[in-house]
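For reference, the structure discussed in these notes is given below.
The values are calculated or read from the model by the stated rules, or taken from the named source; none is laboratory data. Note that this is a predicted model, so its numbers are computed, not measured. Here the Cβ positions follow ideal geometry from the backbone for every residue, glycine too, while neighbour counts run over all protein chains shown. SASA here: full protein model, heavy atoms, side chains in, ligands and nucleic acids out. Shrake-Rupley method; radii C 1.70, N 1.55, O 1.52, S 1.80 Å.
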Amino acid sequence: MFVTIFMGILNVKTGEFIYANAGHNSPLLWDQDGSPSFLKPPEGPVVGIMDDAAFIMDRLTFSAGTVLLAYTDGVTEAFSADGIAFSGERLLKVVTHVREKAVKEITEALLAEISSFCVGAPQADDITVLALSFGPRTGSIQ
C-alpha cells in the first residue's frame, strides 16, 4: 500500500509557498497575466514504501492573482466510453480557457468537462480538484 502526496504551506502574508512532492501529479500554476503550466516540483518517492524516505522541498513566491490547481490522478486518468484518457494535455487546455475566472468557476468548468468527456464510462478512480488563488484577481470574484 502507498499514497501519493503533493504538500505545500502558503504564507498568506508574504506569498511564500514551500512544497514537496511524493509521487503525485504536478499541479498547474499561473499568475494573473500568464498561461497555466505544470509546476515542476522536486520528485520524491511515494509515501508508504520506504521507512527512511527523504523528500526534497522547494519554494517559490506567489504574486497577487497567482493560482495553483492541484488534482488527483483520477482527473487525468478518467476515461471516455471509447477508452481514451482525459490526459494532462486536455486538463491544461480546459484550464487555459477559464484561467481568468474565479477559482470556483475554474474547478466547476473542469469538473463539468470531465463529466461530459466520461459520459457512458464507469468512474474508475476518485476525481478531486483543489484550486487556490493568492490575493485578489482583477476582474474575478473570489
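A few points about this structure:
- Applying the criterion of being assigned to a loop (DSSP other than H, G, I, E, B) and either in contact (Cβ under 8 Å) with a residue 24 or more places away in the chain or touching a strand residue (DSSP E or B) at 6+ places or on another chain (Cβ under 6 Å) (or both) to the residues of the range 106-122, the residue that is surrounded by the most Cβ atoms within 10 Å (Cβ to Cβ) is 118.
- The numbered conditions (1) out of contact with any Phe, Trp or Tyr (no Cβ under 9 Å at 6 or more places or on another chain); (2) surrounded by fewer than 17 Cβ atoms within 10 Å (Cβ to Cβ); (3) modelled with pLDDT of 95 or more are all true for residue 85 except (1).
- The residues of the range 59-103 that are in a helix (DSSP H, G or I) and in contact (Cβ under 8 Å) with a residue 24 or more places away in the chain, listed by number, are 73, 74, 75, 76, 88, 90, 91, 92, 95, 96, 103.
- Among the criteria (1) surrounded by fewer than 16 Cβ atoms within 10 Å (Cβ to Cβ); (2) touching a helix residue (DSSP H, G or I) at 6+ places or on another chain (Cβ under 7 Å), the one residue 98 does not fulfil is (1).
- In summary, residue 7 fulfils each of the numbered conditions (1) open to solvent by less than 60 Å² (accessible area, probe 1.4 Å); (2) outside any loop (DSSP other than H, G, I, E, B); (3) touching a Phe, Trp or Tyr at 6+ places or on another chain (Cβ under 9 Å); (4) not charged (D, E, K, R) with the single exception of condition (1).
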